[in-house]
Amino acid sequence: MAVCRLGVVVLLVVSLWGCGYRPLGAAPPDGQLRPTLAIPLFANRSTEVGLEAIFATALINAFAQTGAVKVVPGDREADLVLEGKVRSLANTSVAFDSITRSSVRRVTLTIDMTLRRKKGDKVLWKDTQVIQEDYVVDPNYHLGEATKTEGIQRAAITLARRVLDKVLLVI
């Protein structure tokens, strides 16, 4: 009985090894086989200035850390293009110090994203993400804006992780 179990385990290991199994996000053995990916600045349909750069930068950093794709600066030499559009941004209060003063606010962003293959202009993946992130409100306007920006940056990192996982399943 123990010999039978050992045989099944050996067979499983050999079959996984032979089929080229590798962890998600791991680079292919040959670096030349990696697809190239361009991530242009996002379109921004919200009233908040600067979101296009924050989200594109977070995605570029997330994909650059993995060896599965090679991030390239322009879409001319890219195999794949990941485009995004910030559709909306809303701030709501979620905790209050008093009846008239909020202490914690939540930023809610709606973002449309499309991954397309340049050759043939084929859409591989399309999604709308809603990201929420809380931030502490400061009575000082400038500090309050800084904490809001930090909340938006955390939302961008969360989005980048989600998109990275989804895109790696498609390519």
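The values are calculated or read from the model by the stated rules, or taken from the named source; none is laboratory data. Note that the coordinates shown come from a computational prediction; the quantities given were computed from them, not determined experimentally. Cβ placement follows ideal geometry from the backbone for every residue including glycine, while neighbour counts extend to all protein chains displayed.
Here are the numbers for the structure shown:
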item	result
Close pairs from segment 55-69: first closer than 15 Å to Phe42 by Cα, partner aromatic (Phe, Trp, Tyr), Cβ under 6 Å, at least 6 apart	Phe55/Phe42; Ala56/Phe42
Selection status of Ala27, farther than 17 Å from Arg161 by Cβ, modelled with pLDDT under 85, in a loop (DSSP other than H, G, I, E, B) and within 26 Å of the chain's Cα centre (by Cα)	yes
Where a residue in segment 148-163 is of a type in the set (S, T, N, Q) and its partner, wherever it lies, is not in a helix (DSSP H, G or I), with Cβ under 6 Å and at least six apart	Thr158/Ile131
Criterion (within 17 Å of Gly151 (Cβ to Cβ) and not in a loop (DSSP other than H, G, I, E, B)) met by exactly one of Val107, Val81, Val49, Val71	Val107
